[in-house]
Amino acid sequence: MNDDIILKFTNAELLIDDSAYEKIEQQENSLQFADSLIQDVSGSSDLFILTGAIVDQFLQKNIRNQIINYSPENNGITDDGYDTLDSGNISQSKLMDIPFNFEVLQDASKKSYTNGEIKDFTSYFNSRFQKLKALLLKKPGLRDSYPMKDVGVRDDVVNVIGMVNDIRNTKNNHKIMEIEDETGFITVLIHNENHSLFEMAESIVKDEVIGVIGSKKGTLVIASDIIHPSVPRIEEKKMDFSAVFISDIHIGSSTFLENEFQRFIKWINGDFGDEEQRNIANDVRYLVIAGDVVDGIGIYPHQEEELTIKNIYEQYEEAARFLGDINDIKIVIAPGNHDASRLAEPQPAIPEHYAADLYKIKNAEFVSNPSLVSLDGFKTLIYHGRSFDDLAMTINGLSHQTSDLIMRELIEKRHLAPIYGERTPLASEFEDHLVIDEIPDIFHTGHVHINAYKKHKGIHMINSGTFQSQTEFQKIYNIMPTCAEVPVLNRGAFKILKFT
């Protein structure tokens, strides 16, 4: 059997019977076909075993993919990639007769307090631990967990919840992990002969909260299972509108793609493209921007040499000039590490003091990084993605080019920045605002300048690209950004619109 096919369905938490496997393997590009099939069925909350009949149904749909690609040569947009457009169900004009059903569900802008004292660190980590412990206690294997101080006096199976203090490999290539709760700490051994558990442990990072089931052997606990807070598979909702997701515009930089961004603005206003493409634009109700609206000032050494606008106020004035032209669409704006908000996360909304002209845009909403908003009932988690740097450097197999895998890790860990004290600055708040309390329908990130999409347990995970060409820093590390390629959820179907 093709292990790669089996692995794909294992990662998607789906079982596959022999009939389904044979039908998939017969396809010309079986791995790509498997990816498409997983995406198609992942919204079904009651599906756990993929059968041959389900594969047959998928084949009969005769799905063709579609990317919408702007081409200056033919002064239009050509089709050659992701999902089929259902243009017959899309209105020819903006749906402004229907009021926006927009709500901010979670925002840290006015709830972020810290004095930088030791007690603040204690409150911060206690908040993280208690929130994630509450999620873990709902797991069947951890409902009878007990404090770590009781581990030494019990002879039965060890069943605890703790925060990871340290994890490392031994000389014999086992893993040793130290975890603690408010009552004490234990040392856990993960044996390399337990292959599935050892592989799972490869993605464990310091400061995340996990459940451990095992047995006591001397001073060690031998782990038999590790449980993450994770999320259940959610039922996919019917989406009767479209939403656009962008980030990392970097207005003010000499590498800002102004012409491409102008084309995007014209398209989203319904003034660009053929009838089919205008139908998509006319169906858009929300534009979500996940940070780095401008390039900022003093973000990195010698940045001024790469700026066309060297004043932060003027950068936001230019941003307002572009975004102020967008009509009949709710614009949701969160900050990133280049914006004029504090660097430590959670970042409050971009201050009006720096972006006065942006705040004059009546259809604009300003939220923190991270934040959770409702777009016509679709819970949308917005996070710029600074913590991607830490996970890409810490977990083998992850990189900036695989941001969908990083997003999956954050969802399963139920925390947007699990590692404390690395490249991602985290404020020692009284409350940890980066715990993923509520399960989103959409998870939107940016920061890495590379588009990615995956549906994980019914959640649309979208990392948007950039409107900035390759920077000198990216050239050094051979990072190839996806420039002016805009993700759209078109009535639930994921599409990419290219404006290059």
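For this structure, a couple of remarks:
- Read-out Rg/Rh (Cα atoms, Kirkwood Rh), derived from the coordinates shown; its label in [x] 1.02; [y] 0.98; [z] 1.08: [y]
- Calculated FRET efficiency for the pair Glu235/Leu31, C-beta based, R₀ 30 Å, to 0.05: 0.65
- Each of the peptides 166-176, 272-282, 141-151, 385-395 was scored by the mean count of other Cβ atoms within 10 Å over its residues; in descending order, highest first, they stand as 385-395, 272-282, 141-151, 166-176.
- Which of Gly152, Ile382, Gln32, positive extreme of dipole for the chain (C-beta unit charges): Gly152
- Of the chymotrypsin sites (Phe, Trp or Tyr not before Pro) in region 448-485, the ones in a loop by DSSP (not H, G, I, E or B) with at most 13 other beta carbons within 10 Å are Tyr477.
- Hydrodynamic radius of region 206-246 by the Kirkwood approach over all distinct alpha-carbon pairs: 14.7 Å.
- Members of Lys454/Lys495; Lys8/Lys379; Lys379/Lys457; Lys413/Lys454; Lys237/Lys413; Lys133/Lys413 lying beyond 22 Å, as alpha-carbon distances in this model show: Lys8/Lys379; Lys237/Lys413
- Our coupling estimate for region 403-410, obtained by passing each phi through the Karplus curve with A = 6.51, B = -1.76, C = 1.60 and θ = phi - 60°, is 5, 5, 6, 5, 4, 4, 4, 5 Hz, Gly and Pro reported as x.
- Top positive-direction residue, dipole computed over region 274-354 with Cβ charges, set Ile329, Ala344, Asn311: Ala344
- Dipole magnitude of the chain about its Cα centre (Cβ charges: Lys, Arg +1; Asp, Glu -1), debye to nearest 20: 960 debye
- Cα pair distances exceeding 16 angstrom across region 341-439, given as percent: 62 percent
- Basic side chains Lys and Arg get +1 at the Cβ, acidic Asp and Glu get -1 at the Cβ, and with that the dipole of region 400-480 about its Cα centre reaches some 440 debye.
Just so you know, all these numbers are worked out from the coordinates, no wet-lab data involved. Nothing here was measured: the structure is a model prediction, and the numbers come from that model. No Cβ is skipped: glycine too gets one built from the backbone with ideal geometry, and neighbour counts run over all protein chains shown.
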